[in-house]
Amino acid sequence: MNRLLFLIVSSMITGVTWGANSLLMPLYLKDLGLTPLEIGTIIALSILFSAFMSLILSAYADAFGKVKGLTIQTSLSILGLILLIARIPFGYLTLGGFGGGTIKMAMISDLSDNMERDLSRVNSGSILFSVLGSAMAGILYAKYVFLVEIVLFLVSISLVVIVGEVGKPTGKFKLGIKSKRTVFKFSTDSLIGLGAGMVIPLMSLWFYLKFGVGREGLAPIYIISELTLAASSMLSPILSRKIGTVNTIFLTELVSILLLVYLPFTGSFVLASAVYVVRNVLMNMTSPIREAFILKLIPREERTRGNGIVNMFHAIPRAIGPEIGGTLFNLGNLTLPFLITASLYSVSGLAFFLMFRKTSARG
């Protein structure tokens, strides 16, 4: 049995949830009668709850077993989907991070002999499955989309159970780590989280408010965006080997920031869609090499908790962002959130480059 392959597939298939919910949720919550401000609040609370549970379950996984931690997280996700089928908006709060990525990444890193390659495969595969999610969100009623997600969560956790435990649980629950100096360097992610939270979870709502385009019209754009991202993600390790991981991350983010500034000033849906697709690719194509970079810098026995803490740096400010973005959208300002986000991205990107430009990740 190829345990690594089973874990990679388990991680990939939950990408359906990301693709479907990114497009569907803001508009579904709108259909339930929520205002843009209330939608922003629900999304913010969801991000915050997900980050908190991810950190707690990361520590739990190190202490008592990663399979147990993932089982709890998957159960929370399924509970949230059941509540959403019942038209209870707060079900979105318990989706729990779309499949337990933090714990799975640590498991994959323990089994992998080439993290950049294997995490790129996970990322590209997840994106391809997210295309299926975006397509479903464009053609199926919401409750059927949620039912498909429940089935895929069950398949995903079944694959993890088949793989079994990776690494030896410590038996001691603790949140602290010895590599805190390294981990806290990634606190600059908080700026990216805040900026991303202001616009990214609300993009389908922005397209609707600016151009009057609903989820049926947006589905093809999301599909194209995810397909191009899947292809480019496989190229990021090649680019990393040629010019370095830090340079690759910094340069692609820089160009994406310029496009983000331009996006709210586009005058047509077609142009806005094209800019959105290219910006999404440039900003996110380096996710696998960034994930590998972080994991290599953290000792093996602390990777689950360390990665959970890094995610917290990103997630807590990201939880504040939708509240700000939703408020500005509610006031009719569809431009300022993008400009604020671009400014925050710029500061974070520069800080990351200055801190890590001479770092060589080992592992």
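The values are calculated or read from the model by the stated rules, or taken from the named source; none is laboratory data. From a predicted model like this one, the values you see are computed outputs, not experimental measurements. Ideal geometry is used to build each Cβ from the backbone, glycine not excepted, and the neighbour counts take in all protein chains shown. All accessible areas refer to the heavy atoms of the entire protein, side chains included, with ligands and DNA or RNA removed. Shrake-Rupley method; radii C 1.70, N 1.55, O 1.52, S 1.80 Å.
Do we have residue 53 as of a type outside the set (Ser, Thr, Tyr), closer than 26 Å to residue 163 by Cα, in contact (Cβ under 8 Å) with a residue 24 or more places away in the chain and touching a helix residue (DSSP H, G or I) at 6+ places or on another chain (Cβ under 6 Å) here? Before you say what the answer is, go through the steps one by one.
Values: of a type outside the set (Ser, Thr, Tyr): yes; closer than 26 Å to residue 163 by Cα: yes; in contact (Cβ under 8 Å) with a residue 24 or more places away in the chain: yes; touching a helix residue (DSSP H, G or I) at 6+ places or on another chain (Cβ under 6 Å): no.
Judged against the criteria, residue 53 is not a match.
Could you run through the range 47-66 and say how many residues are open to solvent by 50 Å² or more (accessible area, probe 1.4 Å) and closer than 20 Å to residue 201 by Cβ?
3
Just name the residue that is surrounded by the fewest Cβ atoms within 10 Å (Cβ to Cβ) out of those in the range 1-33 that are modelled with pLDDT of 90 or more and not in a helix (DSSP H, G or I).
My answer is 33.
Among the residues of the range 287-309, are any open to solvent by 20 Å² or more (accessible area, probe 1.4 Å) and out of contact with any helix residue (DSSP H, G or I) (no Cβ under 7 Å at 6 or more places or on another chain)?
Initially, the range 287-309 is screened for residues open to solvent by 20 Å² or more (accessible area, probe 1.4 Å), giving 287, 290-291, 296-297, 299-301, 309.
So of that shortlist, the ones also out of contact with any helix residue (DSSP H, G or I) (no Cβ under 7 Å at 6 or more places or on another chain) come out as 299, 301.
Checked against the condition, which is being open to solvent by 20 Å² or more (accessible area, probe 1.4 Å) and out of contact with any helix residue (DSSP H, G or I) (no Cβ under 7 Å at 6 or more places or on another chain), the range 287-309 yields at least one hit.
Please specify each residue of the range 250-275 satisfying the condition of being open to solvent by less than 20 Å² (accessible area, probe 1.4 Å) and in a helix (DSSP H, G or I).
Kept after step one, since they are open to solvent by less than 20 Å² (accessible area, probe 1.4 Å), are these residues of the range 250-275: 252-253, 256-257, 260, 263-264, 266, 272-273, 275.
The answer is 252, 253, 256, 257, 260, 263, 264, 272, 273, 275.
Counting just the residues of the range 130-149 that are open to solvent by 70 Å² or more (accessible area, probe 1.4 Å) and hydrophobic (A, V, I, L, M, F, W, C), which one comes out nearest to residue 236 (Cα to Cα)? Outline the logic, then answer.
First pass over the range 130-149, keeping only residues open to solvent by 70 Å² or more (accessible area, probe 1.4 Å): 132, 139, 141, 143-144, 147.
This time we only want the ones that are hydrophobic (A, V, I, L, M, F, W, C), so: 132, 139, 147.
On the way: 132: 23, 139: 32, 147: 34 Å.
Applying the filter and picking the extreme gives 132.
Condition check ((1) acidic (Asp, Glu); (2) modelled with pLDDT of 90 or more; (3) over 25 Å from residue 135 (Cα atoms); (4) touching a Phe, Trp or Tyr at 6+ places or on another chain (Cβ under 8 Å)) across all residues:
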site: 219; (1), (2), (3), (4): no, no, no, no
site: 227; (1), (2), (3), (4): no, no, no, no
site: 233; (1), (2), (3), (4): no, no, no, no
site: 236; (1), (2), (3), (4): no, no, yes, no
site: 239; (1), (2), (3), (4): no, no, yes, no
site: 248; (1), (2), (3), (4): no, yes, yes, no
site: 267; (1), (2), (3), (4): no, yes, yes, no
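Only one of these conditions is not met by residue 251: (1) free of Cβ contacts under 8 Å to residues at least 24 places away in the same chain; (2) under 20 Å from residue 140 (Cα atoms). Which number is it?
Result: residue 251 fails condition (2) only.
Of 69, 80, which residue is buried (at least 18 other Cβ atoms within 10 Å of the Cβ) and within 24 Å of residue 204 (Cβ to Cβ)? Give the steps one after another, and end with the answer.
On the way: 69 fails: within 24 Å of residue 204 (Cβ to Cβ).
Being buried (at least 18 other Cβ atoms within 10 Å of the Cβ) and within 24 Å of residue 204 (Cβ to Cβ) holds for just one of 69, 80, which is 80.
If I filter the range 328-352 down to residues being in contact with a Phe, Trp or Tyr (Cβ under 9 Å, 6 or more places away or on another chain) and either open to solvent by 30 Å² or more (accessible area, probe 1.4 Å) or not in a helix (DSSP H, G or I) (or both), which single residue comes out as nearest to residue 290 (Cα to Cα)?
So the residue we want is 350.
Return the residue satisfying two criteria in turn: it lies in the range 227-249 and is of a type in the set (Gly, Ala, Ser) and assigned to a helix (DSSP H, G or I), and of such residues it is most open to solvent (accessible area, probe 1.4 Å).
Start the filter on the range 227-249 by keeping residues that are of a type in the set (Gly, Ala, Ser), which leaves 230-233, 236, 240, 244.
Remaining after also requiring assigned to a helix (DSSP H, G or I): 230-233, 236, 240.
Working: 230: 7, 231: 63, 232: 14, 233: 0, 236: 0, 240: 9 Å².
In this case the residue turns out to be 231.
Hey, does the range 222-244 have a residue that's on the phi > 0 side of the Ramachandran plot and not basic (Lys, Arg)?
In the first step, residues of the range 222-244 are kept if they are on the phi > 0 side of the Ramachandran plot; the result is 244.
Keeping just the survivors that are not basic (Lys, Arg) gives 244.
Checking the range 222-244: at least one residue is on the phi > 0 side of the Ramachandran plot and not basic (Lys, Arg).
Suppose we filter the range 135-171 for residues that are within 23 Å of residue 75 (Cα to Cα) and either under 16 Å from the mean Cα position of the chain (by Cα) or of a type in the set (A, V, I, L, M) (or both); how many remain?
Matching residues across the range 135-171 total 18.
When the residues of the range 53-86 are filtered to those that are more than 22 Å from residue 18 (Cβ to Cβ) and among the charged types (D, E, K, R), which remaining residue is modelled with the lowest pLDDT?
Ranking the qualifying residues of the range 53-86, first place goes to 62.
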